[in-house]
Amino acid sequence: MHIEYLPMRWKSGDNYCYILSDDETKKSWLIDPAYPSEISSYLLNQNKTDVVAIVNTHHHYDHAGGNGELLRSLYPGVDVIAGKDSPHVNRIPKDGEILELGKNIKIKAIHTPCHTQDSICYYAEDQKTGQKGVFTGDTLFISGCGRFFEGDGAQMKAAFEKLLELPEDTKVYPGHEYTRSNVKFSKIVLGAKNEALNNLEEYCSKHEVTTGVFTIGDEKRFNPFARLFDPEVQRSTQETDPVKVMDKLRSMKNNL
């Protein structure tokens, strides 16, 4: 399994598009290719994989806005795999449905409504090599989570519970590079003694890109939204009920 990231709107929206490909067959998914003008040259001239589907984590324009143009220009006839509100979608996977890519990759669709009601995360596992990755869109960020545009704390709590059940060595591939901002907030909530968070902060000081580096296990250690029962998080939010903790965390982050 090979995962390549293509940056889009860098230094403004800091979006990621991903190419997920099967090593053996070179069949690939193109995930959240929102801005064809920024990536088409690469896809046309340098991408050596066979794109068999355009995939969206949710319908927002900065994730699904390129579907139509790419279908017209580069990939006519391929499936568009997404939730119900994405443009040109023709395949809506059920929650927990297993999809296959190439010979060796199995992908589980995980419905995570909150940021949008059609949000889907995709957990990919290479059956031959054991590699694992999850594409989380705007649900889970490195040490953060997405805004609750169409949901609430109860839904984001449920979404996180699904994601945190994945194997701890699963690499996390979010929709945006927001880690530096998230670290600043996480330090306020978790304090200065969280070793995992301190290590993340140090990594960010030396690297611009954090996608595909950290794991679900790491998120459990340094993401306050994944630590609703942590006494430090409850102290910072002045809440103990996990749903109220989640709502308060998001409100605090929004106002930072």
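Here are some notes:
- For segment 188-217, the set of residues classified as without any contact (Cβ under 8 Å) to a residue 40 or more places away in the chain and either closer than 21 Å to residue 156 by Cα or small (Gly, Ala, Ser) (or both) consists of 192, 196, 205, listed by residue number.
- Scanning segment 28-42 for residues being of a type in the set (A, V, I, L, M) and in contact with a helix residue (DSSP H, G or I) (Cβ under 8 Å, 6 or more places away or on another chain) gives a total of 2.
- For segment 219-232, a tally of residues being touching a residue at least 60 places away in the same chain (Cβ under 8 Å) and assigned to a helix (DSSP H, G or I) returns 5.
- Within the set 101, 70, the sole residue that is modelled with pLDDT of 95 or more, more than 27 Å from residue 170 (Cα to Cα) and not small (Gly, Ala, Ser) turns out to be 70.
- Apart from one condition, residue 235 fits all of (1) outside any loop (DSSP other than H, G, I, E, B); (2) of a type outside the set (Ser, Thr, Tyr); (3) free of Cβ contacts under 8 Å to residues at least 24 places away in the same chain; (4) surrounded by 14 or more Cβ atoms within 10 Å (Cβ to Cβ); the exception is (4).
- Test: residue in segment 67-85 that is part of a strand (DSSP E or B) and among the aliphatic types (A, V, I, L, M): yes
- Qualifying residue in segment 35-52 (condition: without any contact (Cβ under 8 Å) to a residue 12 or more places away in the chain, in a loop (DSSP other than H, G, I, E, B), more than 16 Å from the chain's Cα centre (by Cα) and on the phi > 0 side of the Ramachandran plot): no
- Summed over segment 138-163, the residues that are of a type in the set (A, V, I, L, M), within 14 Å of residue 110 (Cβ to Cβ) and either within 13 Å of the chain's Cα centre (by Cα) or crowded, with 21+ Cβ neighbours inside 10 Å (or both) give a count of 4.
- Filtering segment 106-137 to residues that are crowded, with 23+ Cβ neighbours inside 10 Å and either more than 18 Å from the chain's Cα centre (by Cα) or of a type outside the set (A, V, I, L, M) (or both) leaves 112, 114, 115, 116, 119, 121, 122, 133, 135, 136, 137.
- Tally of residues being in contact with a helix residue (DSSP H, G or I) (Cβ under 8 Å, 6 or more places away or on another chain), charged (D, E, K, R) and not in a helix (DSSP H, G or I) across segment 164-190: 2
- Filtered residue count, segment 195-224, keeping only those that are touching a helix residue (DSSP H, G or I) at 6+ places or on another chain (Cβ under 6 Å), surrounded by 15 or more Cβ atoms within 10 Å (Cβ to Cβ) and not acidic (Asp, Glu): 8
- Only residues that are farther than 11 Å from residue 163 by Cβ, of a type in the set (A, V, I, L, M, F, W, C) and in a strand (DSSP E or B) were counted across segment 114-134, and they come to 2.
The values are calculated or read from the model by the stated rules, or taken from the named source; none is laboratory data. Quick caveat, the model's predicted, so the values are computed rather than measured. Here Cβ is always computed from backbone atoms with ideal geometry, including for glycine, and neighbour counts include all displayed protein chains.
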